[in-house]
Amino acid sequence: MFYVKKRMEIAGAHSLKLCYQSKCENLHGHNWIITVFCKSETLNENGMVVDFADIKKDIHGMLDHKNLNEIFEFNPTAENIAEWVVNNVRNCYRAEVTESENNWASYEM
């Protein structure tokens, strides 16, 4: 099995829709750290699990310096973003989303 990991920083804003009152319901920003884990039993025609540039384009290119509420139809929690990454990056089986030093979420297939 071949494994690769790509880590990138995303500057983005969001507001959360919650069933309780919270300051996170207000628009605010984070310097998100998104780590993408991919695997494959075989390598593609270029000798890769997936091209790191493609991962960056798919994630960083879509999310950086954006209001995540305008991109996603779901509540943009760290947990939901991690699941979205796994479902939208080829060969991705795990994603970690850090919205601050002490707040981290992951999703794994």
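The values are calculated or read from the model by the stated rules, or taken from the named source; none is laboratory data. Given the structure is predicted, the values throughout are model-derived calculations rather than measurements. All Cβ positions, glycine included, derive from the backbone under ideal geometry; neighbour counts span all protein chains shown. Accessible surface is based on the protein model in full, side chains and every heavy atom, while ligands, DNA and RNA are left aside. Shrake-Rupley method; radii C 1.70, N 1.55, O 1.52, S 1.80 Å.
What to note about this one:
- Just one of the listed residues (W104, W32) is among the aromatic types (F, W, Y), without any contact (Cβ under 8 Å) to a residue 40 or more places away in the chain, outside any loop (DSSP other than H, G, I, E, B) and out of contact with any Phe, Trp or Tyr (no Cβ under 7 Å at 6 or more places or on another chain), and it is W104.
- Qualifying residue in the range 12-22 (condition: open to solvent by 40 Å² or more (accessible area, probe 1.4 Å), part of a strand (DSSP E or B) and in contact with a helix residue (DSSP H, G or I) (Cβ under 9 Å, 6 or more places away or on another chain)): no
- Restricting attention to the range 65-106, the residues that are among the hydroxyl-bearing types (S, T, Y) and either farther than 19 Å from E9 by Cβ or open to solvent by less than 40 Å² (accessible area, probe 1.4 Å) (or both) total 3.
- Tabulated pairs, the range 59-79, first acidic (D, E), second open to solvent by less than 30 Å² (accessible area, probe 1.4 Å), C-beta under 8 angstrom, 6+ apart or interchain: D64/I10; D64/A11; D64/G12; E79/V97; E79/A105
- Residue check: R7 meets all listed conditions (1) open to solvent by 100 Å² or more (accessible area, probe 1.4 Å); (2) of a type outside the set (A, V, I, L, M, F, W, C); (3) more than 17 Å from W104 (Cβ to Cβ); (4) outside any helix (DSSP H, G or I) but one, namely (3).
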